[in-house]
Amino acid sequence: MSSQALVEIRDVNFAYDSRPILKGVNLTFPKGKVIAVMGGSGCGKTTLLQLIGGALKPSGGYVKVDGQVIHELDHKGLYHMRRRMGMLFQFGALFTDMSVYDNVAFQMREHTDLPEEIIRDLVLMKLHAVGLRGTHHLMPAELSGGMARRVALARTVALDPMLVMYDEPFAGLDPISLTVVGNLIRRLNDALGATSVVVTHDVQESLKIVDYIYFIADGVVVAEGTPAEISTSDKPFVHQFVHGEMDGPVPFHYPGGDYGQDLNLRPGR
Amino acid sequence: MKRTTLDLWVGIFVVAGLGALAVLALKVGNLSTYNMSESYQLQAHFSNIGGLKPQASIKSSGVLVGRVAQISLDPERYEAKVTMTIDKRYQFPKDTFANILTSGLLGEQYIGLIPGGDEAFLKAGDEIKKTQSAVVLEDLISRFLYSKAEDSKQVDKQPN
Amino acid sequence: MIVENLRFLGHRIVNAVWRMGYASRFFMLILFYSGTSFRRFHLTIRELFSSGVMSLIIILVAGTFVGMVLGLQGYETLKRYGSESALGSLVALSLVRELGPVLAALLFASRAGSAMTAEIGLMKATEQISAMEMMAINPMARVVAPRFWAGVISMPLLSALFSAMGVFGGYVVGVVLIGVDEGSFWSQMQAGVDFQHDIVNGMIKSFVFGVAVTAIALFEGYDAPPTAEGVSGATTRTVVESSLTILFLDFILTAFMFQGE
Ligand SMILES: Nc1ncnc2c1ncn2[C@@H]1O[C@H](COP(=O)(O)OP(=O)(O)O)[C@@H](O)[C@H]1O
Ligand SMILES: [Mg+2]
């Protein structure tokens with residue numbers, strides 16, 4: 001399997017200042033698959049994507065993409081690698097001063113010398129793929145949340161990347177848009193022959209579209225498996241997550257010292 | 001690449017800005033009277049230049065003929081040495097008289113050239129020999145007061 | 001108590017020096033990545049529109065009014081010495097040497113500078129800058145540098161327009177309304193204003209102001225914390241810092257340029 005792995009994450013450690021976020025995680029993303037990385041808010045999912053994209057450097061271990069260790073690349077090498085990656089940011093991050101068309105055309109114009117007619121066809125094809133060809137003349141502010149996410153999706157895959165990363169693509173979407181975006185992720189991955197990583201905490205939607213799931217908690221991978229394995233798992237953590245229970249291994253309280261002390265309750269009063 | 005209305009506006013902006021600069025240079029400033037290639041330089045010594053400054057005008061019969069290029073103190077003669085840039089179109093006789101004058105009572109100081117009758121003209125680098133210094137207001141006033149005092153002394157004496 | 005205050009002060013100073021260093025590096029990076037701004041000049045043209053063209057109205061109107069005030073005040077003062085004819089020279093000299101560059105730059109800082117800061121700050125807050133980086137496009141070259149050069153190009157043009165409108169305003173008040181002799185108004189102006197000494201120096205001033213204001217505005221935007229308060233605070237800082245910088249630089253430049261008088 002490792003011969004077909006596009007992304008290998010080995011013993012990666014990462015800390016902001018002195019606060020450890022990731023404590024030795026190991027993940028493997030085989031070529032052509034859609035992988036979900038799940039975990040509670042603040043467990044380091046976005047951080048993990050930034051490590052893959054080379055925006056952050058691990059303090060230990062390495063991230064290998066297509067056989068190259070990301071943090072050992074120089075500026076040029078990294079930019080070269082990033083051209084083959086696409087990243088959908090949490091809130092789309094569309095360029096607000098450009099029309100939908102220009103947003104999707106952006107990377108084609110920056111990175112290729114294609115004539116404008118071909119760019120036009122490509123842009124309309126990408127927009128058609130997400131079902132929004134008719135919006136090409138609109139500004140991002142004129143789109144609904146779900147539409148903006150789909151335009152961002154079209155922009156992410158504009159240059160047919162080999163690796164597509166989605167950071168919480170379902171956040172803030174209504175159930176219909178959510179299903180639409182979920183299906184698009186799967187369809188685009190298969191159409192492009194790409195590998196996709198979906199960072200999310202939407203278990204139900206991901207179980208439908210992904211090939212493999214990793215759970216991260218407390219900086220380590222606590223569970224992994226195919227959707228079938230996950231949905232029947234009786235691991236307490238997975239069970240809590242899949243069924244959205246409040247009590248379980250994931251604590252409701254952020255660590256915060258002694259409650260009584262915080263409220264100035266002293267014994268003997 | 002297509003031309004857009006945006007390009008047009010930026011074009012208007014740039015043209016207007018450069019136009020404003022041209023107006024400043026030609027109408028407000030003195031670029032229209034600059035003719036560096038078509039000029040020559042003369043020197044003159046003055047015992048006192050008063051408030052004359054570089055770039056002050058040089059006039060003859062009230063017509064602007066050049067500008068003061070440089071002012072320095074001649075270390076041998078202890079006099080002000082003034083270098084003037086004169087328009088090539090104007091030639092002055094060798095015995096031209098250079099005068100530091102004031103426009104109005106408190107106005108700018110300038111150099112007035114009064115041509116003499118010599119047949120030969122001043123050439124580039126020549127010196128104007130006949131000069132008259134600036135009238136310094138303080139000197140004028142003290143001279144005036146002094147002569148008043150003299151007058152009143154005489155008046156005082158007379159009845160005796 | 002004293003130790004605490006000292007520590008606080010020391011912390012502030014260290015922070016300020018740190019920021020200065022960061023700002024200098026940022027400025028160097030702008031220059032380093034400026035190639036794109038000229039190779040793909042339409043990027044800069046776009047920004048010329050939003051910083052230059054959008055500032056036109058305020059500059060033209062303000063310039064005219066300032067010139068009119070100068071005409072009125074100058075006339076009242078000069079009249080006492082019987083030298084009303086010097087009005088043209090007074091109005092023009094004040095404008096091209098000082099008021100044009102300084103006031104145009106102050107207006108530019110609050111009109112275009114603050115907008116630049118807010119725009120870059122919001123682009124950062126909404127992850128547009130990070131998105132660009134992930135697309136292997138350098139935001140310094142693509143976003144920051146074109147805005148910088150647009151500001152640097154706009155500033156002298158705006159300042160020239162301000163001065164020209166000011167002279168026009170002074171002319172309207174002095175000659176048309178009050179009745180100063182038109183001939184002496186223009187001739188005194190031409191005699192008093194030297195191209196190299198006054199106009200070119202004034203343009204140099206506004207070029208320097210343009211560099212300062214735009215660099216501050218862009219730095220504050222780029223350095224803004226990616227939150228609503230962060231961006232609004234940065235916008236305020238842009239106006240305050242660039243106004244003070246303009247006045248300070250004006251003093252320095254004036255001392256250098258006009259010391260020989
Ligand atoms: N730039 C940063 N500086 C310091 N801490 C950060 C920074 N970005 C994120 N963190 C912290 O790192 C942890 C993981 O963040 P993130 O990867 O964004 O979580 P999520 O899984 O929700 O995407 C969070 O607790 C967050 O507070
Ligand atoms: Mg996140």
remark   = Listed by chain and number, the residues whose amide H is under 5 Å from that of A:Gly61, excluding neighbours fewer than 5 places away on the same chain and using placed H, are A:Asn13
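Based on the mean of other Cβ atoms within 10 Å per residue, sort peptides C:179-186, C:66-73 so the most packed one is first. Please report the intermediate quantities before stating the final value.
Numbers: C:179-186: 16.6, C:66-73: 21.6.
Output ranking for C:179-186, C:66-73: C:66-73, C:179-186.
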remark   = A correct Kirkwood calculation over the Cα atoms of the protein assembly as shown returns a hydrodynamic radius in Å of 31.3
task = Would you compute, for the Cα atoms of chain C, the largest minus smallest coordinate along each principal axis and list the three values in descending order, in whole Å?
result = 66, 55, 33
task = Could you state how much accessible area B:Asp126 has, in square angstrom rounded to the nearest 10, with a 1.4 Å probe and all protein chains kept in place?
result = 40
remark   = For chain A, dividing by residue count, accessible area per residue (probe 1.4 Å) in Å² works out to 49
inquiry  = For a quick check of understanding: with a 1.4 angstrom probe and all protein chains in place, what accessible area in square angstrom does B:Lys130 have, to the nearest ten?
reply    = 100
message = Give me the one-decimal nm value for the distance between modelled label points at A:Ser59 and A:Glu117, 7 Å along each residue's Cα-to-Cβ direction.
response = 5.7
note = Between the Cα axis of helix A:116-129 and the main Cα principal axis of chain A, the angle (0 to 90°, nearest 10) is 40
ask   = For the pair B and C, how large is the buried accessible area, both sides, in square angstrom to the nearest 100, if the probe is 1.4 Å?
value = 2400
message = 5 Å is the cut-off here: which amide hydrogens, built 1.01 Å from N in the peptide plane, fall below it relative to A:Ile21, excluding neighbours closer than 5 in sequence?
response = A:Phe14, A:Ala15, A:Tyr16
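Please give the charge dipole size of chain A, origin at the Cα centre, charges +1 on K and R Cβ atoms and -1 on D and E Cβ atoms. Round to the nearest 20 debye.
On the way: 25 positive and 30 negative charges, 42 e Å.
That gives chain A a dipole magnitude of about 200 debye.
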request  = Only counting protein heavy atoms at a 1.4 Å probe, give the residues of segment A:58-100, ordered by number, whose accessible area falls by 50 Å² or more when the other protein chains are present relative to the chain alone.
outcome  = A:Tyr79, A:Arg82, A:Phe89, A:Phe95, A:Asp97
inquiry  = On the principal axes of its Cα set, how long, how wide and how thick is chain B? Give whole Å, largest value first.
reply    = 103, 42, 31
request  = Please list, in chain and number order, the residues 5+ apart from B:Ser39 or on another chain whose amide H is under 5 Å from its amide H, with Hs placed from the backbone.
outcome  = B:Lys88
task = Could you check how much of the accessible area of segment C:1-130 is carbon and sulfur, as a whole percent, using a 1.4 Å probe?
result = 70
ask   = Of B:Thr85, B:Ala98, B:Gly51, whose Cα points farthest to the positive end of the dipole of segment B:36-138 (charges on the beta-carbon: +1 Lys, Arg; -1 Asp, Glu; origin at the Cα centre)?
value = B:Thr85
ask   = In segment C:149-173, which residues give up 50 Å² or more of accessible area once the other protein chains are added, compared with their chain alone (1.4 Å probe)?
value = C:Leu157, C:Leu161
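How long are the three semi-axes of the equivalent ellipsoid for chain A, computed from the Cα gyration tensor as the root of 5 times each eigenvalue, in whole Å, largest first? Please list the in-between numbers first.
On the way: eigenvalues 240, 98, 74 Å².
Over the Cα atoms of chain A, the semi-axes work out to 35, 22, 19 Å.
About its Cα centre, how strong a charge dipole does chain B have in debye, to the nearest 20, once Lys and Arg get +1 and Asp and Glu get -1 at the Cβ? Let's see the in-between values first.
Numbers: 18 positive and 17 negative charges, 114 e Å.
The dipole of chain B has a size of about 540 debye.
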key: segment A:164-203 - Debye-derived log10 I(q)/I(0), Cα point model, q = 0.28, 0.31 Å⁻¹   = -1.00, -1.12
Dipole axis of chain B (+1 Lys, Arg; -1 Asp, Glu on Cβ), positive-most option in B:Val15, B:Ser72, B:Gln109 = B:Val15
ask   = Expressed in nm², what is the orientationally averaged projection area of the convex hull enclosing the Cα positions of segment A:134-236?
value = 7.9
query = Carbon and sulfur atoms: what percent of the 1.4 Å accessible area of segment B:36-138 do they account for?
reply = 53
request  = Taking all protein chains together and a probe of 1.4 Å, list A:Tyr212, A:Tyr79 from the most accessible to the least accessible.
outcome  = A:Tyr212, A:Tyr79
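Which whole number in µm²/s is D for segment A:4-108 by Stokes-Einstein, with the Kirkwood Rh taken over Cα pairs at 10 °C and 1.306 mPa s?
Details: Rh = 15.2 Å.
It diffuses with D of about 105 µm²/s by this estimate.
Of the beta bridges DSSP finds with both residues in chain A, what % are antiparallel, to the nearest 5? If you can, show how the numbers build up before the last one.
On the way: 21 of 39 bridges.
Bridges in chain A that DSSP calls antiparallel: roughly 55 percent.
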request  = Mind putting a number on the dipole of the protein assembly as shown about its Cα centre? Charges go on the C-beta only, +1 for Lys and Arg and -1 for Asp and Glu, and I need it in Debye to the nearest 20.
outcome  = 500
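The values are calculated or read from the model by the stated rules, or taken from the named source; none is laboratory data. Predicted model, so just to flag it, every value in this text is computed and none were measured. For neighbour counting, all protein chains shown are included, and Cβ atoms are generated from backbone atoms with ideal geometry for every residue, glycine included. SASA here: full protein model, heavy atoms, side chains in, ligands and nucleic acids out. Shrake-Rupley method; radii C 1.70, N 1.55, O 1.52, S 1.80 Å.
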